[in-house]
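Notes follow the structure.
Here, each number is a calculation from the coordinates, and none is a lab measurement. Please read all numbers here as calculations on a predicted model, not as lab measurements. With ideal geometry, Cβ positions are generated from the backbone for all residues, glycine too; neighbour counts draw on all protein chains shown.
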Amino acid sequence: MKHILNFGLIILIALNGIKGYSQEKTDQEQINSQIWGNFTKAFETLDHELFASLHVEDFIRVSGDSKKIKSKTEYIAGYEKGWQDKRLTQTISFRFLERISNGSIASERGIYNVTIFPSKENEMNYYGKFHVILGKENGKWMILVDYDSSENKSINKESFDNAFGMSELEKY
């Protein structure tokens, strides 16, 4: 009887682990679509309104490189101004170091690559490490806090390539 109870306990623990993994996987799939897919689309289409819609009203932006903290209004205004020149072409890509979620809050850390004028003679690439805290608002994932830094320009293509792809959910 003792062996049956121990076996039952092991199964229960395993199922809870699978449920936790399943919840995180579901969260990350939603986050990929609701946050990272739209973040990328906003960057590539220069759509500051779509970009703004991804952030809560009391959003906090921290830039390690400039050592500044901004509100949503200040942060989005910079993109609105910068994205007025429709000759600008850019892409942004994300790879991840860590993704943790519990169904209502998520922490995502990784490396981004912004490419200005992709596939052109004057192409420029910028890399940085990011850490975002996300929360659900009315059932939708939103960015609460966003921090990034180039870490004194030490983040580079190698850093980016060594991180995990967005769809490599089993890595987290």
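Remarks
- Going from the residue with the fewest nearby Cβ atoms within 10 Å to the one with the most, Thr89, Thr115 rank Thr89, Thr115.
- Net lengthening on full extension, Thr91/Glu170 (0.36 nm per residue, minus Cα-Cα): 25.9 nm
- Shape call, the range 68-121: gyration tensor on alpha carbons, a/c limit 1.5: oblate
- Candidate cross-link partners of Lys67 among the lysines, defined by an alpha-carbon separation under 22 Å and a same-chain spacing of 8 or more, comprise Lys81, Lys129, Lys153.
- Relative packing of peptides 40-47, 104-111, 136-143 - highest average C-beta neighbours within 10 Å first: 104-111, 40-47, 136-143
- Label-point separation in nm, Lys140 to Ala77, each point 7 Å along Cα→Cβ: 2.4
- Taking Phe130, Phe117 and counting other C-beta atoms within 10 Å, the order from fewest to most: Phe117, Phe130
- Against the main long axis of the alpha-carbon atoms of the chain, helix 72-82 sits at an angle near 50°.
- Our summary gives the chain a relative contact order of 22 percent, counting only alpha carbon pairs under 8 angstrom and 6 or more residues apart.
- Likely footprinting exposure, His131, His55, fewest C-beta neighbours within 10 Å first: His131, His55
- Multiplying the residue separation of Glu123 and Glu44 by 0.36 nm and subtracting their alpha-carbon distance yields 27.0 nm.
- Cross-link pairs Lys68/Lys120; Lys72/Lys136; Lys41/Lys136 - those with Cα-Cα distance over 28 Å: Lys68/Lys120
- Partners for Lys171 among aspartates and glutamates (Cα-Cα distance below 18 Å; same-chain residues under 8 apart left out): Glu24, Asp27, Glu29, Glu98, Glu108, Asp161
- Long-range Cα-Cα pairs in the chain (distance over 27 Å), rounded percent: 32
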